[in-house]
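> Got a structure for you, written out below as structure tokens; questions coming shortly.
The values are calculated or read from the model by the stated rules, or taken from the named source; none is laboratory data. In this text, all values refer to a predicted model and were calculated from it rather than measured experimentally. Note that we place each Cβ from the backbone using ideal geometry, even for glycine, and neighbour counts take in every protein chain shown. These accessible areas exclude ligands, DNA and RNA; they are computed on the full protein's heavy atoms, side chains included. Shrake-Rupley method; radii C 1.70, N 1.55, O 1.52, S 1.80 Å.
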Amino acid sequence: MDTRTALLAHARDSLAGLRREGRYREFARLEKIAGQFPRYRWYPPGAEEPREVTVWSSNDYLGMGTHPAVLAAAEEALRAHGAGAGGTRNISGTSPLHTALEAELAALHGKEAALLFGSGYVANQAALSVLLSALPGFHVFSDAKNHNSMIVGMRSATTAVRHIWRHNDLADLEAKLRAAPTDVPKLIAFESVYSMDGDIAPIGAICDLAERYGAMTYCDEVHAVGLYGATGGGITERDGVAHRVDVIEGTLAKAFGVLGGYVAGDAALVDYIRSTAAGLIFTTALPPHVAAAALASVRLLRADPAPRERLAERASALKAALDAAGLQRMPSASHIVPLWIGEAALCREVARRLLAEHAIYATPINYPTVARGEERLRLCATPLHTDEMMAELVAALRAVLPRTFGMRAA
């Protein structure tokens with residue numbers, strides 16, 4: 001058998017297996033409507049006309065992606081600078097908008113410098129790979145639920161030794177730090193808000209252990225920047241520990257509603273990443289209008305706590321509504337509200353019925369994003385989700401879940 005035939009056979013067999021297990025991923029065709037978020041247009045397969053639906057699983061947590069000031073900043077920069085950056089940061093791709101945004105992000109986290117990447121995924125992958133390759137014999141201590149981008153970055157540092165500590169388990173982290181050689185460089189990598197469970201890391205206690213064992217700290221704040229802290233600096237700002245975290249990584253694609261990722265830290269460290277990270281050196285820079293939109297969004301949220309306060313209120317209201325309806329919500333300390341389903345095929349079927357029968361979109365989360373048996377819907381109430389929308393969601397879930405779980409009983 002030639003290589004192409006073998007590869008096609010493998011691809012077809014693998015896809016068939018994903019379909020049998022209910023894990024085959026299908027992209028719903030959803031069109032965001034500026035000025036009407038969280039209402040979208042959904043294009044059902046085979047239908048000629050779209051239907052309006054309410055989206056409950058957007059990472060545009062504050063609706064900033066359609067904020068008039070953000071759109072105006074993007075439009076002005078688009079007309080002034082064109083659609084693309086024109087090259088990498090080193091080849092004509094660095095504009096005053098990029099440098100202004102980096103300065104704003106450094107200030108947001110109280111750091112000396114920040115560095116933009118094309119996405120949060122690339123920021124993690126590139127920065128962790130570079131940092132863990134910088135010194136011989138690096139030992140990295142990774143929370144068991146860290147994002148794939150962090151894992152790939154750590155694995156890319158082929159000389160680093162990786163230790164996985166039980167999720168948010170400080171005793172296990174300390175045991176692994178204590179067992180490591182005392183004379184090797186160490187880095188503790190973790191997230192602030194874990195996006196599938198909605199729980200929060202004990203960052204201050206992690207920093208205590210880092211100081212005790214001579215380790216650096218690297219905190220992924222992508223699901224917290226813009227959403228927590230007096231100015232939106234994330235959980236590290238909320239808990240007053242940003243100055244104790246060596247590297248903070250964040251995104252512009254969630255609370256800020258645009259696109260891009262970044263790291264912030266000591267100027268020399270950020271400059272070293274800038275000078276050596278392939279994910280930056282060989283990638284075209286963010287378009288100037290994207291940088292302008294992100295800059296406007298960051299500045300708005302730093303100055304105005306009202307969207308964060310409204311998000312917290314809406315998250316609490318959603319949790320209370322699900323609890324009052326007897327729906328099996330998983331514990332969550334953040335704005336992320338997981339609803340347990342527990343089986344891949346059922347999870348997809350629940351999501352399908354919500355969309356087809358009730359015009360509600362909620363993403364089904366299956367393995368490998370979560371462990372088998374922990375399949376769930378991941379819900380997020382933004383400041384723009386109304387009480388009426390919440391009541392519609394609860395009524396739809398109560399209608400769909402008994403019917404779907406009845407299938408399993410049968």
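> Could you please put W340, W165 in sequence from largest to smallest accessible area, using a 1.4 Å probe? Before the final figure, lay out each step's value.
Values: W340 75, W165 0 Å².
Highest to lowest solvent-accessible surface, that is W340, W165.
> Restricting to the chain, what percent of DSSP beta bridges are antiparallel, rounded to 5?
Working: 26 of 46 bridges.
Roughly 55 percent of the DSSP beta bridges within the chain come out antiparallel.
> Still on this model: Considering only DSSP states other than H, G, I, E and B, which trypsin sites (Lys or Arg not before Pro) in region 7-110 qualify as loop sites with at most 13 other Cβ atoms within 10 Å? The partial results should precede the final answer.
Working: sites: R12, R19, R20, R23, R25, R29, K32, R39, R41, R51, R79, R89; in loops: R23, R25, R29, R89.
Qualifying residues, ordered by number: R25, R29.
> Then there's this: On a full-extension model of 0.36 nm per residue, what is the gain between E388 and S133, subtracting their alpha-carbon distance, rounded to one decimal in nm?
Numbers: separation 255, 0.36 × 255 = 91.80 nm, distance 5.21 nm.
Full-extension gain reported as 86.6 nm.
> Please find the FRET efficiency linking E48 to S92, where r is the Cβ-Cβ separation and R0 is fixed at 56 Å, and quote it to the nearest 0.05.
Details: r = 45 Å, r/R0 = 0.80.
My answer for the efficiency is 0.80.
> A further question on this structure: Identify all aspartates and glutamates with a Cα-Cα distance to K32 below 13 Å; exclude those on the same chain that are fewer than 8 residues away in sequence.
The reachable aspartates and glutamates, counting only those whose Cα sits under 13 Å from K32, are E52, D60.
> Something else about it: Can you send over the solvent-accessible area of I200, 1.4 Å probe, protein chains only, in Å² to the nearest 10?
Probe radius 1.4 Å; accessible area of I200 about 30 Å².
> Follow-up. Whole percent per 10 Å bin, from 0 to the bin with the longest distance: what is P(r) over all C-alpha pairs of region 331-389?
Histogramming region 331-389 at 10 Å steps yields 23, 49, 26, 2 percent.
> Could you pull the accessible area for H109 with a 1.4 Å probe, rounded to 10 Å²?
Roughly 10 Å² of H109 is accessible to a 1.4 Å probe.
> Give the ranking of D387, D208 by solvent-accessible surface, highest area first, calculated with a 1.4 Å probe.
Listed by decreasing accessible area, they come as D387, D208.
> In whole percent, how big is the carbon plus sulfur part of the accessible area of the chain, probe 1.4 Å, protein atoms only? Before the final figure, lay out the partial values.
On the way: 9860 of 17960 Å².
Carbon with sulfur: 55 percent of the solvent-accessible area.
> Determine the relative contact order of the chain: mean sequence separation of Cα pairs under 8 Å and six or more apart, normalised by residue count, in whole percent.
Working: 800 pairs, mean separation 86.7, N = 410.
Relative contact order here is 21 percent.
> Within straight cross-link reach of K186, meaning Cα distance under 27 Å, which lysines are found once same-chain residues fewer than 8 apart are removed?
Counting by Cα, and skipping residues close in sequence, K186 has these lysines nearby: K111, K145, K176.
> Along the positive direction of the dipole of region 337-406 (beta-carbon charges: Lys, Arg +1; Asp, Glu -1; about the Cα centre), which of P402, L377, C347 reaches farthest?
C347
> When only the heavy atoms of the protein chains count and the probe is 1.4 Å, how do E349, E211 rank by accessible area, highest first? Mind dumping the intermediate values first?
On the way: E349 40, E211 120 Å².
Highest to lowest solvent-accessible surface, that is E211, E349.
> Are there chymotrypsin sites (Phe, Trp or Tyr not before Pro) in region 8-62 that DSSP puts in a loop and that have at most 10 other Cβ atoms within 10 Å, and which ones? Please report the intermediate quantities before stating the final value.
Values: sites: Y24, F27, Y40, W42, W56, Y61; in loops: Y24, F27, W56, Y61.
Sites meeting the loop and neighbour criteria: F27.
> How much mean residue ellipticity at 222 nm does the chain get from its helices, if each DSSP H run of length 4 or more adds -39500 (n - 2.57) and you divide by all residues, to the nearest 500 deg cm²/dmol? Walk me through the numbers on the way to the answer.
Numbers: 14 runs with 181 residues, N = 410.
So the helix-based figure for the chain works out to -14000 deg cm²/dmol.
> Given the protein chains as shown and a 1.4 Å probe, how many square angstrom of Y367 are accessible, to the nearest 10?
80 Å²
> With +1 on the Cβ of every Lys and Arg and -1 on the Cβ of every Asp and Glu, and nothing else charged, how large is the dipole of region 166-282 about its Cα centre, in debye rounded to the nearest 20? Mind dumping the intermediate values first?
On the way: 9 positive and 17 negative charges, 27 e Å.
Result for region 166-282 is approximately 140 debye, rounded to the nearest 20.
> Evaluate the distance, in nm, between pseudo-label points positioned 7 Å from the Cα of D304 and of A278 along their respective Cα→Cβ axes.
The modelled label-to-label distance comes out at 4.3 nm.
> Another question, if that's okay. What distance in nm lies between label points placed 7 Å from Cα along the C-beta direction at D13 and T159?
4.0 nm
> For region 114-123, take each phi angle, set θ = phi - 60°, evaluate the Karplus expression 6.51 cos²θ - 1.76 cosθ + 1.60, and give the result in whole Hz per residue in order, putting x for glycine and proline.
9, 9, 7, 10, x, 7, x, 4, 5, 4
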